[in-house]
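Report on one structure; see the data block that follows.
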Amino acid sequence: MKKKKWMRILAAATMAAMVFAMAGCGGGTDSTEGDSADGGDGTVYKVGVIQQLEHAALDEATRGFQDTLTEKLGDQVEFDYQNAQNEQANCATIATKFVSNGVDLIMANATTALQAAAAATGDIPIVGTSVTDYVTAGVIESNDAPGYNVTGASDLAPVDQQIALLQELVPDVQKVAIVYCSAEPNSLFQSELAQAELDAAGIEWEEFTAADSNEIQAVITNAITDCDAVYIPTDNTMANNMEIIKNVTVPAGIPVICGEENMCGVGGLATLSISYYELGCKAGEMAYEILVNGADPATMPIEYVSENITPKYNAEIAAELNWTIPEGMTAIGE
């Protein structure tokens with residue numbers, strides 16, 4: 001799905017948001033001239049940050065982004081951080097406000113935030129983070145040449161290695177439940193990758209989806225009735241409700257392999273995850289190139305984090321499940 005289609009889908013929400021945006025929730029103004037901490041020309045860059053919701057992975061990505069730009073620009077950068085509380089209408093409101101305030105760049109943290117920003121402006125540069133596949137999100141033409149005012153860093157984890165980790169931890173696995181939120185297109189993208197890996201390994205699988213957090217307990221309870229392991233990709237709704245998932249799977253003795261470390265730290269057995277802080281840093285570096293060196297998002301390929309991908313496990317859940325962890329894995333928090 002292309003960007004223009006998403007713009008039509010989100011247009012109504014964006015127009016409605018405009019009324020509220022004019023009232024304002026605080027905000028930036030155009031770039032101004034001021035004192036420079038590093039002896040530059042004194043330009044102060046206004047950066048709007050839309051974070052889709054608050055949870056550990058997205059928080060780390062925002063922190064990495066802001067740390068990187070602050071390190072490079074000192075007091076020549078000002079952030080207007082807004083949390084949308086996982087509401088599409090809030091994302092649209094925030095994006096519209098940033099456009100009306102004339103920010104120099106928008107950082108969109110997670111898919112819905114990115115889609116709202118892309119619908120709100122075709123001119124202001126947008127850098128995404130915590131988004132798995134930008135093409136699937138409908139905001140660019142291709143990962144190599146975005147073609148629009150949007151680029152960013154992808155949180156696509158090595159799904160093939162995650163499924164290999166599942167097989168190592170559960171060597172007699174017969175059937176895997178793949179669980180994610182149906183409202184998150186990037187979770188579907190990862191699910192399809194996982195399905196292909198499981199098919200290649202000759203392992204049966206079944207897909208289970210929840211429309212929102214209210215359905216998670218029932219969906220997980222259903223998923224584990226005839227599956228002996230659960231795979232959950234990087235999914236914001238699931239990440240925000242891992243305690244519920246733990247309370248169902250641990251008493252049933254079912255191991256959960258997660259797509260991301262912070263999810264695993266709350267309710268999973270193991271993961272093979274990228275660093276979301278480093279993901280944010282990479283997005284910050286891209287933003288710097290746009291703001292200071294005039295790089296064009298339309299020609300900036302989507303970037304990936306390939307460093308520090310380490311198999312980790314939740315020691316507390318391993319103990320509760322009485323699960324044997326292979327040598328070479330690191331306990332989360334060590």
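The values are calculated or read from the model by the stated rules, or taken from the named source; none is laboratory data. Here the structure is a predicted model, which means the values were calculated and not measured. Positions of Cβ are backbone-derived with ideal geometry, glycine not excepted, and every protein chain shown enters the neighbour counts.
So that you can scan it fast, the table gives a plain yes or no per residue for (1) surrounded by fewer than 18 Cβ atoms within 10 Å (Cβ to Cβ); (2) modelled with pLDDT under 95:
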site: Thr132; (1), (2): no, yes
site: Pro146; (1), (2): no, no
site: Val159; (1), (2): no, yes
site: Leu169; (1), (2): no, no
site: Gln174; (1), (2): yes, no
site: Glu197; (1), (2): no, no
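Looking at the stretch 287-310 only, could you name the residues that are over 18 Å from the mean Cα position of the chain (by Cα) and assigned to a loop (DSSP other than H, G, I, E, B)?
Gly294, Ala295, Asp296, Met300
Here's a check for you: in the stretch 59-97, which residue that is among the β-branched types (Val, Ile, Thr) and touching a strand residue (DSSP E or B) at 6+ places or on another chain (Cβ under 8 Å) is nearest to Ala110 (Cα to Cα)? Working first, answer last.
Taking the stretch 59-97 and keeping what is among the β-branched types (Val, Ile, Thr), we get 62, 68, 70, 77, 93-94, 96.
Now narrow it down to the ones that are touching a strand residue (DSSP E or B) at 6+ places or on another chain (Cβ under 8 Å): 62, 70, 77, 94.
Numbers: Thr62: 10, Thr70: 21, Val77: 22, Ile94: 14 Å.
So, considering only residues that are among the β-branched types (Val, Ile, Thr) and touching a strand residue (DSSP E or B) at 6+ places or on another chain (Cβ under 8 Å), the one nearest to Ala110 (Cα to Cα) is Thr62.
Starting from residues that are under 24 Å from Glu285 (Cα atoms), among the β-branched types (Val, Ile, Thr) and in a loop (DSSP other than H, G, I, E, B), keep the ones in the stretch 130-180 and report whichever is farthest from the chain's Cα centre (by Cα). Talk me through it step by step, then tell me what you get.
Within the stretch 130-180, the subset under 24 Å from Glu285 (Cα atoms) is 130-158.
Going one step further and asking which of them are among the β-branched types (Val, Ile, Thr), we end up with 131-132, 135-136, 139-140, 150-151.
From the residues that got through so far, the ones that are in a loop (DSSP other than H, G, I, E, B) too are 132, 135-136, 139-140.
Values: Thr132: 7, Val135: 14, Thr136: 13, Val139: 15, Ile140: 17 Å.
Among those residues, the one meeting the criterion is Ile140.
Within the stretch 205-221, can one find any residue that is under 19 Å from Val250 (Cα atoms), more than 24 Å from the chain's Cα centre (by Cα) and either basic (Lys, Arg) or at pLDDT 95 or above (or both)?
Yes: the stretch 205-221 contains one or more residues that are under 19 Å from Val250 (Cα atoms), more than 24 Å from the chain's Cα centre (by Cα) and either basic (Lys, Arg) or at pLDDT 95 or above (or both).
Under 8 Å between Cβ atoms, at least 6 apart or on separate chains: pull out the pairs that start in the stretch 242-265 with a residue that is hydroxyl-bearing (Ser, Thr, Tyr) and end on any residue that is assigned to a helix (DSSP H, G or I).
Thr249/Ile220; Thr249/Gly267
Just checking, how many residues over the stretch 275-309 are closer than 16 Å to Asn109 by Cα and of a type in the set (A, V, I, L, M)?
Of the residues in that region, 6 qualify.
Quick grid of which residues meet (1) of a type outside the set (Ser, Thr, Tyr); (2) assigned to a strand (DSSP E or B); (3) over 16 Å from Gly128 (Cα atoms):
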| residue | (1), (2), (3) |
| --- | --- |
| Val49 | yes, yes, no |
| Asp59 | yes, no, no |
| Phe65 | yes, no, no |
| Thr68 | no, no, no |
| Tyr81 | no, yes, no |
| Ala89 | yes, no, yes |
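Of everything in the stretch 275-319, what is of a type in the set (Gly, Ala, Ser) and modelled with pLDDT of 95 or more? Give them in sequence order.
Passing the criteria: Gly280, Ala283, Gly284, Ala287, Gly294, Ala295, Ala298, Ala315, Ala318, Ala319.
Matching residues to (1) in contact (Cβ under 8 Å) with a residue 24 or more places away in the chain; (2) surrounded by 15 or more Cβ atoms within 10 Å (Cβ to Cβ); (3) farther than 19 Å from Ala164 by Cα; (4) touching a Leu at 6+ places or on another chain (Cβ under 6 Å):
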residue: Met286; (1), (2), (3), (4): yes, yes, yes, no
residue: Glu289; (1), (2), (3), (4): no, yes, yes, no
residue: Thr299; (1), (2), (3), (4): yes, no, yes, no
residue: Ile302; (1), (2), (3), (4): yes, yes, yes, no
residue: Glu307; (1), (2), (3), (4): yes, no, no, no
residue: Ile325; (1), (2), (3), (4): yes, yes, no, no
residue: Met329; (1), (2), (3), (4): yes, yes, no, no
residue: Gly333; (1), (2), (3), (4): yes, no, yes, no
